[in-house]
Amino acid sequence: MSGNSSSAKSLTSDRTPSHTRRPLQKVPSPKKQKRRKSQAFQEAVTGYFFLAPALILLGVFLLYPMGAAFYYSFTDFYILKPDDISWIGLENFTYILQDAEFRQAFWNTVYFSVIVVPVQLAVALVLALLINKKIRFRVFFRTAFFSPVVMSLVVVSILWTFMYNPNEGLINQLLGLVGIQPQPFLTSPDQAMNSIIVMSVWQGAGFQMMIFLSGLQNIPNHLYEAADIDGASSWQKFLHVTLPGLKNIALFIFITISIAAFKLLVQPMIMTQGGPLGSTKSLVYHIYETGFNYRDVGYASAMAVVFTVIVLVITIVQRVLVREERG
């Protein structure tokens, strides 16, 4: 009987679930703990060592200028008198509300952004739809449409300045072939900003075209096949298949174009110098002109702070709208 009882106990012990047995946890020795801490410290030091060049560049060229601009915005810093700086508080920001040139530059920037963002978005989408089709010389057209993006914006601005020349420009010569009188373009307050918008759309649409093209190629073909079976037209397939498939990409492009449009600087600087009559002076160009041409760094810094706040607010609003759309 005793043998049977001992065998029964062994069977029950063998049938005990393994997860109920608690393995013994070995406590590392103090030497091992010290070695692990030393190894973790060495890995952290190595990581920061590799990050150091990027952090230094970030601090020197981004964080320090931002902090300096914020500080100088409360002073009357004049670049020709670097030793004569006085703290004037909110005087620069108060003057912004009374500055007619600031208001004009702000509304010029808003006008440029409101026009160029949807137009460039639409042109990029149309080009992507054309390139996505199986047509002859598709690679050539893709390269031709994208080539303005890789060109320097300064070079493009100079090129289009010659093309917009009222007397000998290529565009006016082409217009003369169809019986249209020469146009003033950059020399007219009514046409100068629109001329810059046309050039900006031509220069930047190729980049957004490639992004749209990648989105079009990721839309499943079976969706179009199902639409064909249901008898959908090309327009219906575009509305109910293509556009929903490009929704997230379109929102991303919309945000990037908006931010780039508010940073308008090179085109008016090279093509019109802010004229005629200030019709093409953007907010960034006005800040540059005040700080470097008029040497009023304090007031230029105040405008830069206000501009940063404006762009930040626009970015936050766009992100909230995008989040609601995705929700």
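The values are calculated or read from the model by the stated rules, or taken from the named source; none is laboratory data. Since this is a predicted model, take the numbers as computed values, not measurements. Don't worry about glycine lacking a Cβ; one is built from the backbone with ideal geometry, like all the others, and counts go over all protein chains shown.
Table: residues versus (1) within 30 Å of Met303 (Cα to Cα); (2) assigned to a helix (DSSP H, G or I); (3) more than 32 Å from the chain's Cα centre (by Cα); (4) not acidic (Asp, Glu).
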residue	(1), (2), (3), (4)
Ser38	no, yes, yes, yes
Phe41	no, yes, yes, yes
Thr46	no, yes, yes, yes
Leu51	no, yes, no, yes
Phe70	yes, yes, no, yes
Ile85	yes, no, yes, yes
Thr109	yes, yes, no, yes
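Give just the number: which of (1) out of contact with any Lys or Arg (no Cβ under 7 Å at 6 or more places or on another chain); (2) under 27 Å from Ile259 (Cβ atoms); (3) in contact (Cβ under 8 Å) with a residue 40 or more places away in the chain does Phe77 not satisfy?
The number of the failed condition is (2).
Please verify whether segment 144-155 includes one or more residues that are touching a Leu at 6+ places or on another chain (Cβ under 8 Å), modelled with pLDDT under 90 and part of a helix (DSSP H, G or I).
yes
Would you please list the contacts, defined by Cβ atoms under 8 Å and residues six or more apart or on different chains, that run from a residue in segment 217-238 that is touching a residue at least 40 places away in the same chain (Cβ under 8 Å) to a residue that is of a type in the set (Lys, Arg) and surrounded by 10 or more Cβ atoms within 10 Å (Cβ to Cβ)?
From residues that are touching a residue at least 40 places away in the same chain (Cβ under 8 Å), there are no pairs.
Between residues in segment 27-42 that are on the phi < 0 side of the Ramachandran plot and residues that are modelled with pLDDT under 75, which pairs lie under 7 Å by C-beta distance while being six or more apart or on different chains?
none
So Tyr224 fits all but one of (1) modelled with pLDDT under 90; (2) within 21 Å of the chain's Cα centre (by Cα); (3) of a type outside the set (Val, Ile, Thr); what number is the exception?
(2) is the only condition that Tyr224 fails.
Looking at (1) without any contact (Cβ under 8 Å) to a residue 12 or more places away in the chain; (2) polar (S, T, N, Q); (3) more than 23 Å from Ile197 (Cβ to Cβ), which is the one condition that is false for Gln273?
So Gln273 meets the others, but not (3).
Within segment 74-132, can you find the residues that are hydroxyl-bearing (Ser, Thr, Tyr), surrounded by 13 or more Cβ atoms within 10 Å (Cβ to Cβ) and over 23 Å from Met193 (Cα atoms)?
Thr75, Tyr78, Tyr95
Being modelled with pLDDT of 90 or more and buried (at least 17 other Cβ atoms within 10 Å of the Cβ) is the requirement here; does Val201 meet it?
The answer is yes for Val201.
Report whether or not Thr315 is outside any helix (DSSP H, G or I) and within 24 Å of the chain's Cα centre (by Cα).
Taking the combined requirement at face value, the residue does not satisfy it.
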